[in-house]
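Peer 1: Attaching a single structure in structure tokens format; questions to follow.
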Amino acid sequence: MKKIVSLLFVLFILTGANAFAQNPANPVGPEKGSLVIVGGGNVGPEIWAKFVELAGGPNANIIYVPTAGDDSTVVKNDKTVKKLQELGVKSVTTLHTRDPKVANTEKFVEPIRTATGVWFEGGRQWKIADAYLGTLTQKEFNALLNRGGVIGGTSAGATIQGSYLFRGDTKGNTILVGDHIQGLDFIHNVAIDQHILKRNRQFDLLSFIKTRPDLLGIGIDESTAIVVHQNTFEVIGVSYVAIYDAKNFTGTVKNPAGDSGNNGPFFYLKKGEKFDLLNRKALLPAPPSTKTANN
């Protein structure tokens with residue numbers, strides 16, 4: 001009997017080790033599709049061009065979701081629809097409800113099934129969660145990614161894409177950990193904040209990640225975006241993206257930019273720089289060689 005128990009224990013350990021060894025192969029972001037996550041403010045032409053390109057260019061079929069906005073502005077706010085049309089997108093469909101029962105119907109999700117892209121407007125992220133979490137609509141958003149589509153969004157439409165819903169309280173956006181904490185989880189094990197430099201929020205994720213070291217914090221400034229595919233994202237736009245990882249909080253991890261001796265608890269990435277989400281490290285280009293050729 002002892003031998004059987006010992007054998008089972010060994011098998012358990014080996015199985016667990018094997019599962020752990022396979023874990024790095026699992027993507028943090030979408031395995032087939034892409035995400036364009038914008039920190040709010042003016043969405044510049046570079047960001048719009050990337051979103052439309054990933055959605056299929058002029059042949060894109062885009063779903064516009066204004067649900068994060070107030071009821072008074074949801075119908076009137078068609079600037080994004082007009083912008084997409086100006087960029088040559090022929091098919092843009094507005095999809096909106098406040099009722100998760102409606103979001104759970106076949107009729108409501110029908111347009112998503114032929115779409116190549118989804119865009120979430122800004123506002124309050126908890127409104128998106130209330131309408132779509134756990135519904136057929138959320139399932140179809142994931143199906144769109146699985147067939148190679150793109151999901152983009154700005155401000156609240158950025159935060160909702162993470163697994164943890166930062167600033168998700170119904171009483172106000174100054175409450176960091178609120179009554180809504182579940183995002184749509186298009187990108188796993190992260191909490192996303194926006195407007196970080198414009199609104200002096202750059203320290204807010206720092207205090208939060210100290211309480212949730214299992215999560216990676218990503219703070220995105222205005223007019224800036226990360227383009228995510230599988231385990232990597234690239235920064236586009238005009239400002240910065242901040243990375244908050246609990247392993248850096250001791251101050252012993254070298255600033256990946258290498259241009260400062262002051263190794264703080266978080267660091268910034270700029271346009272063109274990439275980040276490995278799985279291994280949580282910056283993928284910066286190698287510095288130019290200082291060696292000179294021999295004459």
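Peer 1: Go through the residues of region 61-84 one by one and say whether even a single one is at pLDDT 95 or above, closer than 20 Å to Tyr132 by Cβ and charged (D, E, K, R).
Peer 2: Checking region 61-84: not a single residue is at pLDDT 95 or above, closer than 20 Å to Tyr132 by Cβ and charged (D, E, K, R).
Peer 1: Going residue by residue through region 252-267, is there one that turns out to be surrounded by fewer than 19 Cβ atoms within 10 Å (Cβ to Cβ), basic (Lys, Arg) and at pLDDT 95 or above?
Peer 2: There is no residue in region 252-267 that is surrounded by fewer than 19 Cβ atoms within 10 Å (Cβ to Cβ), basic (Lys, Arg) and at pLDDT 95 or above.
Peer 1: If you don't mind, there's one more thing I want to ask. Every residue in region 128-169 that is touching a residue at least 40 places away in the same chain (Cβ under 8 Å), more than 20 Å from Val241 (Cα to Cα), not in a helix (DSSP H, G or I) and not aliphatic (A, V, I, L, M), please.
Peer 2: Listed by number, the residues that qualify are Arg147, Gly148, Gly149, Gly168, Asp169.
Peer 1: With the requirement that a residue be within 14 Å of Glu234 (Cβ to Cβ) and either modelled with pLDDT under 95 or touching a Leu at 6+ places or on another chain (Cβ under 8 Å) (or both), what does region 36-48 give you?
Peer 2: Residue satisfying the conditions is Val36 alone.
Peer 1: Being buried (at least 20 other Cβ atoms within 10 Å of the Cβ), modelled with pLDDT of 95 or more, more than 17 Å from Asp70 (Cβ to Cβ) and among the small types (Gly, Ala, Ser) narrows it down to one of Gly157, Gly134, Gly148, Gly152, so name that one. Before the answer, list the steps.
Peer 2: On the way: Gly157 fails: more than 17 Å from Asp70 (Cβ to Cβ); Gly134 fails: buried (at least 20 other Cβ atoms within 10 Å of the Cβ); Gly148 fails: buried (at least 20 other Cβ atoms within 10 Å of the Cβ).
So the residue among Gly157, Gly134, Gly148, Gly152 that is buried (at least 20 other Cβ atoms within 10 Å of the Cβ), modelled with pLDDT of 95 or more, more than 17 Å from Asp70 (Cβ to Cβ) and among the small types (Gly, Ala, Ser) is Gly152.
Peer 1: Let me ask another. Looking at Gly183, is it within 13 Å of the chain's Cα centre (by Cα) and within 26 Å of His229 (Cβ to Cβ)? Quick ask: steps written out before the conclusion?
Peer 2: Values: within 13 Å of the chain's Cα centre (by Cα): yes; within 26 Å of His229 (Cβ to Cβ): yes.
Considered against the rule, which asks whether it is within 13 Å of the chain's Cα centre (by Cα) and within 26 Å of His229 (Cβ to Cβ), Gly183 comes out as yes.
Peer 1: Filter region 52-111 down to the residues that are within 17 Å of Thr154 (Cβ to Cβ) and hydroxyl-bearing (Ser, Thr, Tyr), then identify the one that is surrounded by the most Cβ atoms within 10 Å (Cβ to Cβ).
Peer 2: Across region 52-111, the extreme among qualifying residues is Thr67.
Peer 1: State all residues of region 97-127 that are outside any helix (DSSP H, G or I), of a type in the set (Lys, Arg) and either touching a residue at least 40 places away in the same chain (Cβ under 8 Å) or in contact with a Lys or Arg (Cβ under 6 Å, 6 or more places away or on another chain) (or both); if no residue qualifies, say none. So that I can check it myself, show each step before the final result.
Peer 2: As a first pass, look at region 97-127 and keep what is outside any helix (DSSP H, G or I): 97-99, 104-105, 115-124.
Right, trim to of a type in the set (Lys, Arg) and you get 98, 124.
Residue satisfying the conditions is Arg124 alone.
Peer 1: On to the next question. Could you give every pair whose Cβ atoms fall below 6 Å, whose first residue belongs to region 170-190 and is without any contact (Cβ under 8 Å) to a residue 40 or more places away in the chain and under 16 Å from Ala158 (Cβ atoms), and whose second residue is of a type in the set (S, T, N, Q) and part of a strand (DSSP E or B), counting only separations of at least 6 or pairs across chains?
Peer 2: Asp185/Ser163
The values are calculated or read from the model by the stated rules, or taken from the named source; none is laboratory data. Just so you know, these numbers come straight off a predicted model, no measurement behind them. FYI the Cβ positions are ideal-geometry reconstructions off the backbone, even for glycines, and counts take in every protein chain you see.
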